[in-house]
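Student: Please see the structure below; I have some questions.
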Amino acid sequence: MINEILTGWKNFITRPEVTEKTAQHRAALCAACPNAKSGKLLAFIKDDLTEIQGNYCNVCKCPLSAKVRSNDICPINKW
Ligand code: SF4
């Protein structure tokens with residue numbers, strides 16, 4: 001899982017177009033999910049996907065800005 005999240009952070013920085021389209025779709029699902037929680041340490045990371053900015057997944061504990069841009073999967077199969 002750590003490799004997927006590192007790839008997600010790389011994509012967060014480089015923003016490949018295809019990944020961003022996927023990330024937008026995933027972010028909408030995460031934003032509506034009760035497992036998306038606000039993380040104090042993530043608050044300083046600005047994201048174009050404002051609906052998940054500063055949030056992490058409370059199931060896998062991954063930062064959502066990286067997770068939605070990774071090759072990882074949603075732990076409860078929402079995406
Ligand atoms: S990754 Fe899945 S479980 Fe986690 S916040 Fe997003 S939709 Fe919810």
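Student: Given a 1.4 angstrom probe, I'd like the percentage of the accessible area of segment 2-67 that is carbon and sulfur, rounded to a whole number. Could the numbers behind the result be given before it?
Tutor: Details: 2350 of 3970 Å².
Carbon-and-sulfur percentage of accessible area, whole number: 59.
Student: Okay, moving on. Using θ = phi - 60° and the Karplus relation 6.51 cos²θ - 1.76 cosθ + 1.60, list the HN-Hα couplings for segment 44-53 in order, rounded to whole Hz, with x at every Gly or Pro.
Tutor: Karplus values, whole Hz, x for Gly and Pro: 7, 8, 7, 9, 4, 7, 5, 5, 10, 4.
Student: Using amide H atoms built in the peptide plane, which far-off residues or other-chain residues are under 5 Å from residue 39 H to H?
Tutor: Here the answer is 55, 56, since their amide H atoms fall under 5 Å of that of residue 39.
Student: Using the Cα gyration tensor of the chain, with a ≥ b ≥ c the square roots of its eigenvalues, what is the shape: rounded (a/c below 1.5), prolate (a/b larger than b/c) or oblate (neither)?
Tutor: On the way: a/c = 1.27, a/b = 1.14, b/c = 1.12.
Taking the square roots of the gyration eigenvalues as a ≥ b ≥ c, the chain is rounded.
Student: Now, a different point. Using modelled backbone amide H atoms (1.01 Å from N, in-plane), which distant-in-sequence or interchain residues come within less than 5 Å of residue 74's amide H?
Tutor: Residues meeting the amide H criterion: 79.
Student: Among residues other than residue 19 whose Cβ falls under 15 Å from its Cβ, what is the net charge (Lys/Arg +1, Asp/Glu -1)? Could the numbers behind the result be given before it?
Tutor: Details: positive: 10, 15, 21, 26, 67, 69; negative: 4, 17, 20, 47, 48, 72.
Summing Lys/Arg as +1 and Asp/Glu as -1 gives 0.
Student: Here's something else I'd like to know. Of 36, 53, 79, which is farthest on the positive side of the dipole of the chain, counting Cα position, with +1 on Lys and Arg Cβ, -1 on Asp and Glu Cβ, and the Cα centre as origin?
Tutor: 36
Student: Residue by residue through segment 2-7, what is 3J(HN,Hα) from phi via Karplus (6.51 cos²θ - 1.76 cosθ + 1.60, θ = phi - 60°)? Round to whole Hz and write x for glycine and proline.
Tutor: For segment 2-7, the Karplus-derived couplings read 5, 5, 5, 5, 4, 4 Hz, x marking Gly and Pro.
Student: Let me have the 222 nm mean residue ellipticity of the chain computed from DSSP H runs of 4+ only, each contributing -39500 (n - 2.57), with the sum over all residues rounded to the nearest 500.
Tutor: On the way: 3 runs with 32 residues, N = 79.
My calculation for the chain gives -12000 deg cm²/dmol from helical runs alone.
Student: Could you please report the charge total around residue 59, scoring K, R as +1 and D, E as -1 over all other residues with beta-carbon less than 11 angstrom from its beta-carbon? Mind dumping the intermediate values first?
Tutor: On the way: positive: 37, 61, 67, 78; negative: none.
Its environment carries a net charge of +4.
Student: Provide the net charge surrounding residue 74, with neighbours chosen by a C-beta distance below 14 Å and charges set as Lys +1, Arg +1, Asp -1, Glu -1.
Tutor: Working: positive: 26, 61, 67, 69, 78; negative: 4, 72.
Charge balance near residue 74 sits at +3.
Student: How high is the relative contact order of the chain, given as a whole-number percent (alpha carbon pairs under 8 Å, six or more residues apart)?
Tutor: Details: 109 pairs, mean separation 32.0, N = 79.
Once divided by the residue count of the chain, the mean separation gives 41 percent.
The values are calculated or read from the model by the stated rules, or taken from the named source; none is laboratory data. All values derive from a computational prediction rather than experimental measurement. Here Cβ is always computed from backbone atoms with ideal geometry, including for glycine, and neighbour counts include all displayed protein chains. These area figures cover heavy atoms from the full protein model, side chains too; ligands, DNA and RNA do not enter into them. Shrake-Rupley method; radii C 1.70, N 1.55, O 1.52, S 1.80 Å.
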